[in-house]
Amino acid sequence: MLATLIRLLGDFDRAEEAMSDAYAAALDVWPRDGLPDNARAWLVSTGRFKAIDRLRRSARFDAALAGLAEQIEASEPPAADVSEGVDGVEDDRLRLIFTCCHPALSPDARIALTLREVCGLETEQIARAFLTAPPTLAQRIVRAKGKIRDARIPYQVPDRAELPDRLDAVLHVVYLVFNEGYSASGGDALTRPDLSGEAIRLGRLLIELLPEPEALGLLALMLLHDARRAARTSPDGEIVLLDAQDRSLWDREQIAEGLGLVRRALLLRRHGRYSLQAAIAAVHAEALDSQSTDWPQIAGLYDVLFEIDPSPIVELNRAVAVAMRDGPQAGLDIVTAILERGDLTDYHFAHSAKADFCRRLGLKSEAIAAYRRALALTNQAPEHRFIERRLAELRGPDALVQ
Amino acid sequence: MQYLCLIYTDESADARMTREEGQAVMGEYFAFTEGIKKSGHYVGGNPLQPTKTASTVRVRQGKMSTTDGPFAETKEQLGGYYLIEAKDLNDAIQVASKIPAARSGSVEVRPIMKM
């Protein structure tokens, strides 16, 4: 309903005001006259009239608002609009997603605005999830809404020519929200299920409205990763790595859904980074344990992924797969090359990966140095404890020798 | 709604262009301008003389000072502009993306404030 009012009124704040006006009117009218046939339609059209009213009242002070009131009144016949049913409602949500994820907004603002306006999260919740002060986040949202209004960012689903680019921006926002939920960048817990849950909900909405291969791929990726949630931490909140996870704890139903989506995405033959990452997650999901995992296939998929997304992060993940296929020395060579180039030097996973390869190769002091570096770079408590444990194991009984 | 498209290019690279290259770029601009006149987007536009012709003026405590050159030294310089009429930002971005300099330099799109 908010999405529809935003489209009709062309302004977030005006729409929010209109919605609360409409609810207030309903409390007044419904007990007296009974429920209308279509409550949502009644609320939307009441909200719209209330907004026009408000504009007219303010128009006494500002002539421009009178024109706007007339424009809104003339622009959309509410009768036709409110009878458009469920499809119309969903279309409005899709328009809203594209507006909130518009590339003309700053990346931080896109995430905050999407969670606020599309998912309906409170500003405080979003601030907590992203470890930001609520006033900072509120400010970010206000600024973004101001830009939408002043630069006139439209409420529309982009046309075919623009779609790939714009969909990419939307998927990226969903992906970032999921990632923050899947591996929190700070705080006491490894995961934030509320955020991954929101991201998955957004992903479902997207494929319902726009079943593009990459949208399918992203949802598959999220479902397959999220299916492992229960196995990723021990009962006392410690990290359990993939090779040590109790795979009976994996959510089989979610995996089945994810596998089906990967197949659909790959059959469409226009795969991109999300479908490929989903395919990689699918190979893991199908394996009974780490040893029987099809590492050559995973390394091969990373090769393809690296071709379309030649980023150091992909290269790092590829190194892990290559190490499983060809041994830790092969992985160490790749990570060393990345770090020597000056890439990922502040990324704790790069140093943990290096440390792990060194550990497996028996290069004790190199492993300790790399774990120490990783330790200095992570802000998350379980991650800290995990690295400390590894360090303690390495120092072991001959700690005095170090 | 009106938007100003500010065109930024690397002046030194523009200066190194051969006569033929320069003419080819001019041709592209003529074609682009024709196109947005036909589509109804065009309101106005001009190329600017290079920054070596620029002066920056300030008045402080009633005293005027004039300095040589643009306000800030940057890698790309303001080289021209189009004032366009567009339905919304998406429409304006579409137009801006077809300005020839978008491929080598950059185009800043700014909504005009209504007074």
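Is the stretch A:150-300 best put as rounded, prolate or oblate by its Cα gyration tensor, with a ≥ b ≥ c the root eigenvalues, rounded for a/c under 1.5, and otherwise prolate when a/b is larger than b/c, oblate when not?
Here the stretch A:150-300 falls in the oblate category.
Just to compare against my own numbers: the Cα pair-distance distribution for chain B, 10 Å bins, whole % per bin, please.
It works out to 13, 39, 31, 14, 3, in whole percents.
Restricting to Cα pairs below 8 Å that are 6+ residues apart, what does the relative contact order work out to for chain A? Please round to a whole percent.
Relative CO of chain A lands at 10 percent.
Percentage of Cα-Cα pair distances in the protein assembly as shown greater than 30 Å, rounded to whole percent?
62 percent
Out of A:303, A:108, A:243, any idea which swings most in a Gaussian network model of chain A, alpha carbons joined below 10 Å?
A:243
Could you pull out which residues in the stretch A:204-231 have an amide N less than 16 Å from a spot 7 Å beyond the Cα of residue A:160, following the Cα-Cβ vector?
Zone members listed by number: A:211-213.
For the stretch A:147-163, what does the Karplus curve 6.51 cos²θ - 1.76 cosθ + 1.60, with θ = phi - 60°, yield as ³J(HN,Hα) per residue in whole Hz, taken in order and with x for Gly and Pro?
Going residue by residue, I get 5, 4, 6, 6, 8, 6, 7, x, 8, 8, 7, x, 6, 3, 5, 8, 3 Hz, with x marking Gly and Pro.
What FRET efficiency comes out for residue B:98 versus residue A:364 if R0 is 60 angstrom and r is the Cβ-Cβ distance? Round to the nearest 0.05.
After rounding, the FRET efficiency stands at 0.50.
Among A:38, A:379, A:317, whose mean-square fluctuation peaks in a Gaussian network model of chain A (Cα, cutoff 10 Å)?
Between A:38, A:379, A:317, it is A:38 that shows the largest mean-square fluctuation.
Mind checking the dipole of chain A: about its Cα centre, +1 per Lys or Arg Cβ, -1 per Asp or Glu Cβ, Debye to the nearest 20?
Roughly 600 debye for chain A.
Mind ranking A:6-14, A:357-365, A:234-242 by how tightly packed they are, going by the mean number of other C-beta atoms within 10 angstrom, highest first?
A:6-14, A:357-365, A:234-242
Inside 10 Å of the C-beta atoms of A:146-152, what's the mean count of C-beta atoms belonging to other chains?
What the average comes to for A:146-152 is 4.
Taking 7 Å along the Cα-to-C-beta vector as the label spot, tell me the residue A:13-residue A:372 distance in nanometres, rounded to one decimal.
Modelled inter-label distance: 5.4 nm.
Determine the gain in length on full extension of the stretch residue A:27-residue A:269; use 0.36 nm per residue of separation and subtract their C-alpha separation, reporting nm with one decimal.
Working it through step by step, the gained length comes to 81.9 nm.
Relative contact order (percent) for the stretch A:230-285, with alpha-carbon contacts under 8 angstrom and 6 or more residues of separation?
26 percent
Taking a virtual spin label 7 Å from the Cα of residue B:21 along the C-beta vector, which residues in the stretch B:72-91 bring their backbone nitrogen under 20 Å of it?
Hits in the stretch B:72-91 for residue B:21 at 20 Å: B:75-80.
Quick one: 3J(HN,Hα) in Hz for the stretch A:285-299, Karplus 6.51/-1.76/1.60 with θ = phi - 60°, rounded, Gly and Pro as x.
Calculated HN-Hα couplings, in order: 5, 7, 7, 6, 7, 4, 5, 8, 5, 7, 4, x, 5, 5, 4 Hz.
Considering only the protein assembly as shown, what is the antiparallel percent among its DSSP beta bridges, to the nearest 5?
That works out to approximately 95 percent antiparallel.
For residue A:215, what charge total do you get from the other residues with a beta carbon under 13 Å from its beta carbon, if Lys and Arg give +1 and Asp and Glu give -1?
Neighbour charge sum, excluding residue A:215 itself: +1.
Compare A:41, A:18, A:279 in a GNM of chain A, Cα atoms joined below 10 Å, and give the one with the largest fluctuation.
A:41
In a shell of Cβ-Cβ distance under 14 Å around residue B:109, excluding residue B:109 itself, what net charge do Lys and Arg (+1) and Asp and Glu (-1) give?
Local net charge: 0.
What relative contact order, as a whole-number percentage, does the stretch A:302-402 give when Cα pairs under 8 Å and 6 or more residues apart are counted?
Rounded, it is 18 percent for the stretch A:302-402.
May I ask which of B:75/B:98; B:52/B:75; A:147/B:38; B:63/B:114; A:145/B:98 have a Cα-Cα span longer than 19 Å here?
Too far apart for the 19 Å limit: B:75/B:98; A:147/B:38; B:63/B:114; A:145/B:98.
Could you tell me the center-to-center distance, by alpha carbons, between the stretch B:8-57 and the stretch A:29-60 in angstrom?
Going from one Cα centre to the other spans 52 Å.
Ordered by residue, what ³J(HN,Hα) values in Hz, to whole numbers, does the stretch B:53-59 give under the Karplus form 6.51 cos²θ - 1.76 cosθ + 1.60, where θ = phi - 60° and Gly and Pro are x?
With coefficients 6.51, -1.76 and 1.60, one gets 8, 7, 10, 10, 10, 9, 10 Hz.
Starting from a Cα-only point model with no solvent, please compute log10 I(q)/I(0) by Debye for the stretch A:288-396 at q = 0.10, 0.17, 0.20 1/Å.
One equal scatterer on each Cα of the stretch A:288-396 leads to -0.29, -0.82, -1.08.
Quick check: pseudo-label points 7 Å beyond the Cα along Cα→Cβ at residue A:330 and residue B:55, how many nm apart are they?
7.0 nm
Testing the spin-label approximation: label points 7 Å from Cα along Cα→Cβ at residue A:54 and residue A:40. State their distance in nm.
Going by the 7 Å Cα→Cβ label model, 2.2 nm.
By the scheme Lys and Arg +1, Asp and Glu -1, what is the net charge of all other residues having a beta-carbon under 12 Å from that of residue A:324?
Residues close to residue A:324 contribute a combined charge of -1.
Using a cut-off of 14 Å between alpha-carbon atoms, which aspartates and glutamates can reach residue A:354, once sequence neighbours fewer than 8 places away in the same chain are excluded?
The qualifying aspartates and glutamates are A:315, A:333, A:340, A:343, A:346, A:366.
Based on the alpha-carbon gyration tensor of the stretch A:1-83 and its eigenvalue square roots a ≥ b ≥ c, which shape applies: rounded if a/c is under 1.5, prolate if not and a/b is larger than b/c, or oblate?
Note, shape of the stretch A:1-83 comes out prolate.
Express in whole angstrom the spacing between the alpha-carbon centres of the stretch A:258-302 and the stretch A:193-250.
14 Å
What's the exposure ranking of A:288, B:83, A:332, going from fewest to most Cβ atoms within 10 Å?
A:288, B:83, A:332
Given the options A:158, A:38, B:69, identify the residue whose Cα lies farthest towards the positive end of the charge dipole of the protein assembly as shown (+1 on Cβ of Lys, Arg; -1 on Cβ of Asp, Glu).
Among A:158, A:38, B:69, the one farthest towards the positive end of the dipole of the protein assembly as shown is B:69.
Quick one: which residues, 5 or more positions from residue B:80 or on another chain, have an amide H under 5 Å from its amide H? H modelled 1.01 Å from N in the peptide plane, none for Pro or chain starts.
B:7, B:48
We did not get these values from a lab; they are worked out from the coordinates using the rules stated. Keep in mind that this is a model prediction, so the values were computed, not measured. A quick note on method: Cβ atoms are made from the backbone with ideal geometry, for glycine too, and the neighbour counts reach across all protein chains shown.
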